[in-house]
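The values are calculated or read from the model by the stated rules, or taken from the named source; none is laboratory data. From a predicted model like this one, the values you see are computed outputs, not experimental measurements. Here Cβ is always computed from backbone atoms with ideal geometry, including for glycine, and neighbour counts include all displayed protein chains.
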2 protein chains.
Amino acid sequence: MRVGVSRERRDGERRVAATPDSVRQLIGLGLEVLIESGAGTAAGHSDQAYADAGAELVAELELDALDVYAHVRPLSPETAARLRRGAVTVGLASPASELPTVRALAAAGVTAFALELVPRISRAQSMDALTSQALIAGYRSVLEAAMRLPRFFPLYMTAAGTIPPASVLVLGAGVAGLQAIGTAKRLGARVSANDVRPASADEVASMGATFISLDLEAAEASGGYAKELGDDRAAMQRALLAPHVAASDVLITTAAIPGRPAPLLVTSQMVAAMRPGSVVIDLAAESGGNVEGTVAGSDVLVPTADGAGTVTLVGLKDAASAMASDASRLYAKNVANLLELMTADGVVAPDFADEVVAGACLTDDGVVRHAPTAAAIEAEGAA
Amino acid sequence: MRVGVSRERRDGERRVAATPDSVRQLIGLGLEVLIESGAGTAAGHSDQAYADAGAELVAELELDALDVYAHVRPLSPETAARLRRGAVTVGLASPASELPTVRALAAAGVTAFALELVPRISRAQSMDALTSQALIAGYRSVLEAAMRLPRFFPLYMTAAGTIPPASVLVLGAGVAGLQAIGTAKRLGARVSANDVRPASADEVASMGATFISLDLEAAEASGGYAKELGDDRAAMQRALLAPHVAASDVLITTAAIPGRPAPLLVTSQMVAAMRPGSVVIDLAAESGGNVEGTVAGSDVLVPTADGAGTVTLVGLKDAASAMASDASRLYAKNVANLLELMTADGVVAPDFADEVVAGACLTDDGVVRHAPTAAAIEAEGAA
């Protein structure tokens, strides 16, 4: 069967859905691999490296001749419509926000797998692209903060006096948050963190950071994700966080709720109460932001309440793509592992009796299989 | 006596020669301190903070009414000419490259102290601005590299496979180089280093990095600085370094020779032999560069020899200024400590019997006291 890997078309996207290593894995399964010329350039892989791994290089993929289509960013409805009936796609699909594409995939009879839907169970960890890409975003958020902070992260004892370590506060202690905590600790900062999920206190402590207890009702949904707080609780959460935010040199926010806009954790007033020169990195900027006033892809200078300077509010965007080489290495492996799960004797044949395959499937045979997405499409049709 | 602190005029300069803390120190010595309004803004210090520390804020300093003038960047000849006879200046002076200013300082009868000339002895460490600012440049060089590298610095063991740590090579293991080594180690990279001074092998090892022995004749001058290699030796050094450069993900060069252009350690060919996506940070860019093709203040993309991508060559500039808050904290302390050494009963009166005072003095009473600079001016006059 023919697996096609496209050159990503979206502006600023530098990742690729296969590396020479993952090509070898796919070929080992008995699959043919076609790579669009230049697909790996931004991630550090030449056409020659793919050819050496056994892939066929093509100027442009003929979509209707593919059995499997591997991609990074969600497809456009036009691309989805050009796939043949029964073709399998594997990639990120952002089902909550890309309903037109979901409709197009269903209409084309495509069997589409959304990596966002891979169940969070041990057996599927090696296919979990949300986790692998969040690892990168968390690491990178600390670099972005350190570059903008006019201060050191570590403690320094010098002949001209002692410089105290920077104070870093991380809100949201999922994969990205824990990674941010670990990286900030590595760099020598004093780190504290908060999350609405009670299980996170131990995880935060195990990374060497201080967990901030807010005395709020816990909010944990299935799969280890956070659930939304009611309005009252959310306001109380902000009030309790305010003094911790004001005392930080760096604030990193990573709170996301799958399929919903990001929760507002930090108001403009809380940002303005920070010291001049402080830095806020909002990792949730692309889904609305955890911080009031965030602009995805931009730095916003927020004047401090004391009139002495500004706080830099960074709406982080494409964080994983900025480290395209390692991001692609992990992503391509996630894609290949999911395909491996569905392949036997050189044939990709999804078995919906497998909970990972069933859970990750977005559309199949004209049907939207993911219930929340099907409901969203129905609601849209009724409106 | 009246000490004036200016708002720095040079584009991109964000540091300031006094902080509220150092103002308190100077006032404690019985000095008056005048601060130009806005002088500390970019370093995070409001006018109010200086006023609270006891300084007088002025819209613009009246230079001819000052007894002491503290600054960061070398003065212009015009500024030097406006100072009164017998006034004391303390700041960076770049005597090797700013001869017109040195002449103007001498002509005005100014007693000018150049922080670059502070002797490298234990007692003067707290006044050594080259060291304090190099600390910042070394730390920052690693952040600049990590931001541009499409890979992680640390080792990661993930469900989607193991990512090996990045390999970092540091050339020049002075203050900045050792700090780069320490910071790259903190971030989890595999670090090796080389320096022409034999003493550096132990220092490199003590930071947890691998010292690369090149089997070259040692080259150490007085004061712990490196001396220039002959042409043959320099070519051999490059040949021996080439395989180490090619094997690195990140190369950081920090080799400087006081008063001389930076030595060329790495040719374009050596850069082109690195892997696609690799990053080179040239900390010596402002003094000519250790790497062929460096442009101070710019990123240059160098195509790799294998045609598969590019290496990013960064001519780092104003590295300390980019971390203006901590850079100013240390710099201001250096300035205040040197002034404290020269002050008794509220009077700044340099005692040239003190080797630190004598060593740091550039001009006094119409005479250029620093012999190499005096010789350079004489040579220029004779030409």
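Would you confirm whether or not region B:48-68 contains a residue that is within 23 Å of residue B:351 (Cα to Cα), at pLDDT 95 or above, outside any loop (DSSP other than H, G, I, E, B) and of a type in the set (A, V, I, L, M)? Within region B:48-68 (the criterion being within 23 Å of residue B:351 (Cα to Cα), at pLDDT 95 or above, outside any loop (DSSP other than H, G, I, E, B) and of a type in the set (A, V, I, L, M)), the answer is yes, since at least one residue qualifies. Taking residues in region A:284-306 that are over 22 Å from residue A:177 (Cβ atoms) and within 14 Å of another protein chain (Cβ to nearest Cβ), and partners anywhere that are surrounded by fewer than 16 Cβ atoms within 10 Å (Cβ to Cβ) and of a type in the set (S, T, N, Q), the pairs with Cβ atoms closer than 9 Å and at least 6 places apart or on different chains are A:305/A:269; A:306/B:48.
Within region B:57-64, the presence of a residue that is more than 11 Å from chain A (Cβ to nearest Cβ), closer than 13 Å to residue B:18 by Cα and in contact with a Lys or Arg (Cβ under 7 Å, 6 or more places away or on another chain) is excluded. Pairs meeting the criteria (first residue in region B:154-166 and more than 10 Å from chain A (Cβ to nearest Cβ), second residue hydrophobic (A, V, I, L, M, F, W, C) and part of a loop (DSSP other than H, G, I, E, B), beta carbons under 6 Å, at least 6 apart or on different chains) are B:165/B:155; B:165/B:189.
For residue B:151, the criteria (1) within 27 Å of residue B:210 (Cβ to Cβ); (2) more than 25 Å from the chain's Cα centre (by Cα); (3) part of a helix (DSSP H, G or I); (4) not polar (S, T, N, Q) hold in every case but one, which is (3).
Each row is one residue, and each column tells you yes or no for (1) over 21 Å from residue A:349 (Cβ atoms); (2) outside any helix (DSSP H, G or I); (3) at pLDDT below 95.
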position	(1), (2), (3)
A:8	yes, yes, no
A:22	no, no, no
A:25	no, no, no
A:34	no, yes, no
A:79	yes, no, no
A:109	no, yes, no
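Every test in (1) out of contact with any Lys or Arg (no Cβ under 7 Å at 6 or more places or on another chain); (2) in a helix (DSSP H, G or I); (3) small (Gly, Ala, Ser) is passed by residue A:353 save one, and that test is (2).
Within region B:278-288, the set of residues being crowded, with 24+ Cβ neighbours inside 10 Å and either more than 11 Å from residue B:317 (Cα to Cα) or of a type in the set (Gly, Ala, Ser) (or both) comprises B:278, B:279, B:280, B:284. Any chance region B:355-363 includes a residue that's within 30 Å of residue B:39 (Cα to Cα) and within 14 Å of chain A (Cβ to nearest Cβ)? Scanning region B:355-363 turns up at least one residue that is within 30 Å of residue B:39 (Cα to Cα) and within 14 Å of chain A (Cβ to nearest Cβ). All told, residue A:240 falls short of being touching a residue at least 24 places away in the same chain (Cβ under 8 Å) and either touching a strand residue (DSSP E or B) at 6+ places or on another chain (Cβ under 6 Å) or within 30 Å of residue B:157 (Cβ to Cβ) (or both). Given B:28, B:12, B:44, which one is at positive phi and surrounded by fewer than 24 Cβ atoms within 10 Å (Cβ to Cβ)? Testing whether each residue is at positive phi and surrounded by fewer than 24 Cβ atoms within 10 Å (Cβ to Cβ) leaves just B:12.
Tell me whether region A:200-221 contains one or more residues that are under 30 Å from residue B:141 (Cβ atoms), facing chain B (nearest Cβ under 8 Å) and at pLDDT 95 or above. No - not one qualifying residue is present in region A:200-221.
Among the conditions (1) in contact (Cβ under 8 Å) with a residue 24 or more places away in the chain; (2) under 19 Å from residue B:269 (Cα atoms), the only one that residue B:316 does not satisfy is (2). The residue that is nearest to residue B:189 (Cα to Cα), among those in region B:128-142 that are hydrophobic (A, V, I, L, M, F, W, C) and either more than 11 Å from every other protein chain (Cβ to nearest Cβ) or surrounded by fewer than 24 Cβ atoms within 10 Å (Cβ to Cβ) (or both), is B:137. State whether the residues of region A:5-23 include one that is of a type in the set (A, V, I, L, M, F, W, C) and away from chain B (no Cβ under 14 Å). For region A:5-23, residues of a type in the set (A, V, I, L, M, F, W, C) and away from chain B (no Cβ under 14 Å): present. Of all the numbered requirements in (1) in contact with a strand residue (DSSP E or B) (Cβ under 7 Å, 6 or more places away or on another chain); (2) of a type outside the set (A, V, I, L, M); (3) surrounded by 23 or more Cβ atoms within 10 Å (Cβ to Cβ), residue B:299 misses one, and that requirement is (3).
The set of residues in region A:249-277 that are of a type in the set (Ser, Thr, Tyr) and crowded, with 24+ Cβ neighbours inside 10 Å comprises A:253, A:254. Residue B:84: away from chain A (no Cβ under 11 Å), of a type in the set (Lys, Arg) and part of a loop (DSSP other than H, G, I, E, B), yes or no? So residue B:84 fits the description; yes. Restricting attention to region B:176-197, and to residues there that are within 10 Å of chain A (Cβ to nearest Cβ) and in a helix (DSSP H, G or I), which single residue is surrounded by the fewest Cβ atoms within 10 Å (Cβ to Cβ)? Filtering region B:176-197 for residues that are within 10 Å of chain A (Cβ to nearest Cβ) and in a helix (DSSP H, G or I), the one surrounded by the fewest Cβ atoms within 10 Å (Cβ to Cβ) comes out as B:185. Looking only at residues in region B:314-339 that are closer than 17 Å to residue B:92 by Cα, part of a loop (DSSP other than H, G, I, E, B) and away from chain A (no Cβ under 11 Å), which one is modelled with the lowest pLDDT? My answer is B:318. In region A:334-358, the residues that are under 14 Å from residue A:3 (Cβ atoms) and assigned by TED's automatic domain parsing to the domain that holds residue A:116 never reach a residue that is assigned to a strand (DSSP E or B) and of a type in the set (Asp, Glu) with C-beta atoms less than 7 angstrom apart, at least six apart or across chains.
Checking B:141, B:122, B:126 one by one, the residue that is among the polar types (S, T, N, Q), out of contact with any Pro (no Cβ under 6 Å at 6 or more places or on another chain), more than 20 Å from residue B:348 (Cα to Cα) and not assigned by TED's automatic domain parsing to the domain that holds residue B:173 is B:122 and no other. Among the residues that make up region A:120-127, is at least one of them of a type in the set (Gly, Ala, Ser), touching a residue at least 24 places away in the same chain (Cβ under 8 Å) and within 15 Å of residue A:357 (Cβ to Cβ)? Yes, region A:120-127 has at least one match.
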